[in-house]
1. May I ask you to list the residues in segment 31-52 that are modelled with pLDDT of 95 or more and of a type outside the set (A, V, I, L, M)?
2. Report every pair of residues separated by at least 6 positions or lying on different chains whose Cβ atoms are under 9 Å apart, first residue within segment 34-48 and in a helix (DSSP H, G or I), second surrounded by 10 or more Cβ atoms within 10 Å (Cβ to Cβ).
3. For segment 3-12, state whether one or more residues are among the hydrophobic types (A, V, I, L, M, F, W, C), out of contact with any Pro (no Cβ under 8 Å at 6 or more places or on another chain), surrounded by fewer than 10 Cβ atoms within 10 Å (Cβ to Cβ) and outside any helix (DSSP H, G or I).
Amino acid sequence: MEARIKRLEDDGKEIRTDLKRILADTAEIKGRVASMPTSLQLFMAIVAVFVASGLLRWFGH
């Protein structure tokens, strides 16, 4: 009986360790998603590139 209880306690510790690792990974993913540009920002960056290239073509030699 003691060995079974010890195994259950060890399994519980392993589960807690895995859960902490999953929570840390989730926090990292949330941080990366929060820093991603929005669709509007990406669209405006593309427009800016086209405008800049048009201006260079028009005024550049």
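1. 43, 50
2. Within 9 Å, the pairs are 45/37.
3. Scanning segment 3-12 turns up no residue that is among the hydrophobic types (A, V, I, L, M, F, W, C), out of contact with any Pro (no Cβ under 8 Å at 6 or more places or on another chain), surrounded by fewer than 10 Cβ atoms within 10 Å (Cβ to Cβ) and outside any helix (DSSP H, G or I).
The values are calculated or read from the model by the stated rules, or taken from the named source; none is laboratory data. Owing to the predicted nature of the structure, the values given are computational and were not obtained by experimental measurement. Note that we place each Cβ from the backbone using ideal geometry, even for glycine, and neighbour counts take in every protein chain shown.
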